[in-house]
Amino acid sequence: MEDGKKGLDIFGLIKSVLFTDFVKGLVITLGYNVSRSITLRYPDTEKWIPYRRWRGMHTLNKDANGRELCVACELCSRACPTQCITVIPMEDATGRGIADRVAKVWKVDLVRCLFCGFCEDACPTTAVRLGREYELACHDLSCTVKEREGLLKPQPVPESFEGGVVVGARFVRTPGGISVVADLSKSRKRAL
Ligand code: SF4
Ligand code: SF4
């Protein structure tokens, strides 16, 4: 027991004399000095585009003919654990029954949303999907409720774009607020 302790002390003494811990720390620091920076120049010149599986702001889809896929069945609002989706159905003028049923009101309160994806799982027509829009900050609570008319507009990143990359970006100030406009043509893989 005594010998073992002495052996450990000698080993510690050698380490202290040779500054091995100090040298190890220095090597790590110098390694970071010569490695590529992982800092993202967001929002001025760069922006992260998430993968397709990202669950951001909702989008309402249309079919190839531009017709709304939502049939106002309300399953999404029933499945929502925070009850932040409101659907009010409206029959259109054709009188052909449920196939022509559309939403008069479809809105989601993003302050209460958990981005859990239960609504898109419950939707029988793939009308609702959680998109890749994640810049949701705004100046007052009124803009956190997203209505059908806005959700039917295509989101800036198309479904065909794979994502998981950093793209070029431009920081834009408008009377309506600020936004970061992505340039999808300038993209590169980057570990974040
Ligand atoms: S993502 Fe979840 S919490 Fe948000 S609206 Fe859908 S079901 Fe509700
Ligand atoms: S989005 Fe889907 S689940 Fe929700 S009301 Fe429309 S069709 Fe039904």
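Quick rundown of the values:
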| read-out | value |
| --- | --- |
| Nonlocal Lys pairs with alpha-carbon distance under 21 Å, the chain (8 or more apart, or different chains) | 13 |
| Taking the chain and dividing mean pair separation by its residue count, relative contact order in percent (alpha carbons under 8 Å, at least six apart) | 26 percent |
| Residue among Ala64, Ala79, Ala169 with the largest mean-square fluctuation in a Gaussian network model of the chain, springs linking Cα atoms under 10 Å | Ala64 |
| Simple Cβ-charge dipole of the chain, Lys/Arg +1 and Asp/Glu -1, about Cα centre, in debye nearest 20 | 460 debye |
| In degrees, nearest ten, helix 2-18 long axis to first principal axis of the chain (Cα) | 80 degrees |
| Residue with peak Gaussian network fluctuation, the chain [Cα springs, cutoff 10 Å], from Thr29, Thr125, Thr59 | Thr29 |
| Signed unit charges on C-beta, dipole axis of the chain, positive-most listed residue Ser77, Cys116, Ser16 | Ser16 |
| Amide hydrogen neighbours beyond the local backbone of Ala72, cut-off 5 Å, H modeled | Ala103 |
| Length-normalised contact order of segment 55-154 in % [C-alpha pairs under 8 Å, at least 6 apart] | 38 percent |
| Sparsely packed GluC sites (Glu not before Pro) within segment 111-192, loop by DSSP, other Cβ within 10 Å at most 11 | Glu162 |
| Unmatched cysteines, the chain - criterion: no other Cβ of a Cys under 4.7 angstrom | Cys70, Cys73, Cys80, Cys84, Cys113, Cys116, Cys123 |
| Between helix 20-34 and the chain: long-axis angle, C-alpha atoms, 0 to 90°, nearest 10 | 40 degrees |
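Readers should treat all values here as calculations from the given coordinates under stated rules, not as data from a laboratory. What you are looking at is a predicted structure, and each value in this text was computed from that prediction instead of being measured. Every residue, glycine among them, receives a Cβ derived from its backbone with ideal geometry; neighbour counts consider all protein chains shown.
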